[in-house]
């Protein structure tokens, strides 16, 4: 269900958000993407295209149409390799000659725990991942990208997926899918890692920000307060899971059905993956244990 707000931009239209920054919303609305993916155009001469979006010829043409006389696309930056953010990077590069920058390929940045689970074949996950993505240049935490009139600092913010980055632009930050105003971020093992997600919240929370520009939805005008809420929300969800397990062993799906009582049926799968992410995190911290092998369908019990 979409939240009752006023964010209803015209799809495919480049809208100025502040001097030097424009946004084009891609034509891929869904319960997971809200109105569509936000593609950002940064710069007045050298233009960085941040998150070119899904494989959509119409969106490709909308991006190219937004480039004005005297401008050129100098950088294509991908914040993470989900199918609603990265597939258009290569077609856009082919049309413009610009090179593609990202943290890495689909499994780059995955934590040791999640890599072990994936290699053992114990988890499903991998929903909507662009496994064919290959950047021209890889980025690391703390790297700086520059164009004529703009500077971006790379912040590695894994959690939603291991290769997720946010981009600091002065006192503004393009947070992609880590922090959004309209919904919380999906954390789905083995690509999503709640332990990393919480650490990334701490990374962003160490600075005072003016505004967040997310991967979906409207700008977040109270960014540090939103971060505090997200952390509190995850901690409250953890308490709910532990309380439910006090009644006896349960699977992630059992717990999701018991806890997410107002969630539409179409989103119960995503809720189950979020609960699973909590259970993996709680297992790592010794709070719960799977009955047998750690896997998506395992039953979990409280540790005494």
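The values are calculated or read from the model by the stated rules, or taken from the named source; none is laboratory data. Owing to the predicted nature of the structure, the values given are computational and were not obtained by experimental measurement. Every residue, glycine as well, gets a Cβ built from its backbone with ideal geometry; the counts of neighbours run over all protein chains shown.
Could you grab me the full set of residues in segment 225-240 that are within 18 Å of the chain's Cα centre (by Cα) and over 20 Å from residue 79 (Cβ atoms)?
Passing the criteria: 228, 229, 231, 233, 234.
Considering each of 64, 145, 60, 117 in turn, give the residue that is touching a residue at least 24 places away in the same chain (Cβ under 8 Å), crowded, with 17+ Cβ neighbours inside 10 Å, in contact with a strand residue (DSSP E or B) (Cβ under 9 Å, 6 or more places away or on another chain) and in the same structural domain as residue 179 (by TED's automatic domain parsing).
The conditions single out 145.
Count, please, the residues in segment 232-246 that happen to be under 17 Å from residue 204 (Cβ atoms) and surrounded by 15 or more Cβ atoms within 10 Å (Cβ to Cβ).
Summing the residues that are under 17 Å from residue 204 (Cβ atoms) and surrounded by 15 or more Cβ atoms within 10 Å (Cβ to Cβ) in segment 232-246 gives 1.
Any idea which residue in segment 248-284 is nearest to residue 33 (Cα to Cα), counting only those that are assigned to a loop (DSSP other than H, G, I, E, B) and modelled with pLDDT of 95 or more?
Among residues in segment 248-284 that are assigned to a loop (DSSP other than H, G, I, E, B) and modelled with pLDDT of 95 or more, the one nearest to residue 33 (Cα to Cα) is 249.
With the requirement that a residue be in contact (Cβ under 8 Å) with a residue 24 or more places away in the chain and not in a loop (DSSP other than H, G, I, E, B), what does segment 4-17 give you?
Across segment 4-17, the qualifying residue is only 17.
Restricting attention to segment 8-25, does a residue exist that is modelled with pLDDT under 95 and out of contact with any helix residue (DSSP H, G or I) (no Cβ under 9 Å at 6 or more places or on another chain)?
Checked segment 8-25: at least one residue is modelled with pLDDT under 95 and out of contact with any helix residue (DSSP H, G or I) (no Cβ under 9 Å at 6 or more places or on another chain).
In segment 24-57, which residues are touching a residue at least 24 places away in the same chain (Cβ under 8 Å) and part of a strand (DSSP E or B)?
24, 34, 38, 39, 40, 41, 42, 46, 47, 48, 49, 50
Restricting attention to segment 84-104, does a residue exist that is in contact with a helix residue (DSSP H, G or I) (Cβ under 6 Å, 6 or more places away or on another chain) and either outside the structural domain of residue 134 (by TED's automatic domain parsing) or within 22 Å of residue 144 (Cβ to Cβ) (or both)?
Yes - at least one qualifying residue is present in segment 84-104.
Taking residue 73, is it over 21 Å from residue 164 (Cα atoms) and either part of a helix (DSSP H, G or I) or outside the structural domain of residue 156 (by TED's automatic domain parsing) (or both)?
no
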